[in-house]
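Below: one structure, written as structure tokens.
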Amino acid sequence: QVQLVESGGGLVQPGGSLRLSCAASGSIFSIYAMGWFRQAPGKQRELVARIIFGGNTNYADSVKGRFTISRDNAKNTVYLQMNSLKLEDTAVYYCRADRVGTPYWGQGTQVTVSS
């Protein structure tokens, strides 16, 4: 089992920044990639950014140049630095850990961009 604990969400004005954290614990040896997804009200969950351990990162077109995903191996934590936030970035952000088989999901953290 893998446990994912997200933190860092909140309320921010347009143009502001937030950093989300996702700390993994448990059987983390099975994880080969981690990512951030988001789901806005009435919309499907979508990929925001993903990092493959020892490999590439990829981003949704809507966040390229504004968001950065990174990983701290020592802390088993993945971060999502979000800059130049827009109203349309408002959503619940979920962390996902990929392994062979069913991925693990965090509980989600709310990000609200509002003036």
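The values are calculated or read from the model by the stated rules, or taken from the named source; none is laboratory data. Please read all numbers here as calculations on a predicted model, not as lab measurements. A quick note on method: Cβ atoms are made from the backbone with ideal geometry, for glycine too, and the neighbour counts reach across all protein chains shown. Just the protein is used for accessible areas: all its heavy atoms, side chains included, with ligands, DNA and RNA removed. Shrake-Rupley method; radii C 1.70, N 1.55, O 1.52, S 1.80 Å.
Here are some notes:
- Failed condition for TYR93, given (1) out of contact with any Lys or Arg (no Cβ under 7 Å at 6 or more places or on another chain); (2) open to solvent by less than 60 Å² (accessible area, probe 1.4 Å); (3) within 20 Å of GLY15 (Cβ to Cβ): (1)
- Count of the range 68-77 residues, restricted to those that are open to solvent by 30 Å² or more (accessible area, probe 1.4 Å) and touching a residue at least 12 places away in the same chain (Cβ under 8 Å), is 5.
- The range 50-97: number of residues that are among the acidic types (Asp, Glu) and at pLDDT below 95: 1
- Within the range 54-67, the presence of a residue that is open to solvent by 30 Å² or more (accessible area, probe 1.4 Å), of a type in the set (Val, Ile, Thr) and in contact (Cβ under 8 Å) with a residue 40 or more places away in the chain is excluded.
- Taken over the range 96-115, the criterion of being open to solvent by less than 60 Å² (accessible area, probe 1.4 Å), farther than 20 Å from GLY42 by Cβ and not in a strand (DSSP E or B) is satisfied by GLY101, PRO103, GLY106.
- Residue match in the range 78-98 (condition: under 15 Å from SER7 (Cα atoms), among the hydroxyl-bearing types (Ser, Thr, Tyr) and free of Cβ contacts under 8 Å to residues at least 60 places away in the same chain): no
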